[in-house]
Amino acid sequence: MIDRNAIIVIIVYENGECREYHLTGRVGQTIHALVMAGRQGVTALEMSSWALRLGAYIHTLRHRYQLVIHTVMEPHEGGMHARYVLESPVTIARLEMQD
């Protein structure tokens, strides 16, 4: 897990264009986790040591940064949970530490 004080610089490639974003805090940790997980995606349980509001962080990535993140509902004992899979082509350009 990366430090929540890190700045995660991502590049999003879509429609022949690229956009650069600088993300911090839990949203930054979430995009890092999604990129590292690849096609496997992530669940709140897998991120439970820090992602207490994973759904909110995913919402921010979808709406503020226009990232496509697919939600797959999976059964588990006692109900269902969401697995989030990043569909947008995202590259982590660099990690920077904030002062």
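The values are calculated or read from the model by the stated rules, or taken from the named source; none is laboratory data. Treat the numbers as computed from the prediction; the structure is a model and nothing was measured. All Cβ positions, glycine included, derive from the backbone under ideal geometry; neighbour counts span all protein chains shown.
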Looking across the stretch 49-58 at residues that are touching a residue at least 12 places away in the same chain (Cβ under 8 Å) and more than 16 Å from L86 (Cα to Cα), the single one that is surrounded by the fewest Cβ atoms within 10 Å (Cβ to Cβ) is S49
Among residues of the stretch 18-48 being more than 14 Å from R64 (Cβ to Cβ) and touching a helix residue (DSSP H, G or I) at 6+ places or on another chain (Cβ under 6 Å), the residue surrounded by the fewest Cβ atoms within 10 Å (Cβ to Cβ) is A44
| query | loosely packed, with under 14 Cβ neighbours inside 10 Å, more than 12 Å from Y84 (Cβ to Cβ), polar (S, T, N, Q) and without any contact (Cβ under 8 Å) to a residue 40 or more places away in the chain: does that describe N15? | reply | yes
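Residue-wise test of (1) hydroxyl-bearing (S, T, Y); (2) at negative phi; (3) outside any strand (DSSP E or B); (4) more than 11 Å from the chain's Cα centre (by Cα).
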| position | (1), (2), (3), (4) |
| --- | --- |
| Y21 | yes, yes, no, yes |
| I31 | no, yes, yes, no |
| L34 | no, yes, yes, no |
| R39 | no, yes, yes, yes |
| W50 | no, yes, yes, yes |
| R62 | no, yes, yes, no |
| T71 | yes, yes, no, yes |
| P75 | no, yes, no, yes |
| A82 | no, yes, no, yes |
Going through (1) touching a strand residue (DSSP E or B) at 6+ places or on another chain (Cβ under 7 Å); (2) exposed (fewer than 12 other Cβ atoms within 10 Å of the Cβ); (3) in a loop (DSSP other than H, G, I, E, B) one by one, S88 fails only at (2)
Looking across the stretch 40-53 at residues that are at pLDDT below 95 and not small (G, A, S), the single one that is nearest to D3 (Cα to Cα) is W50
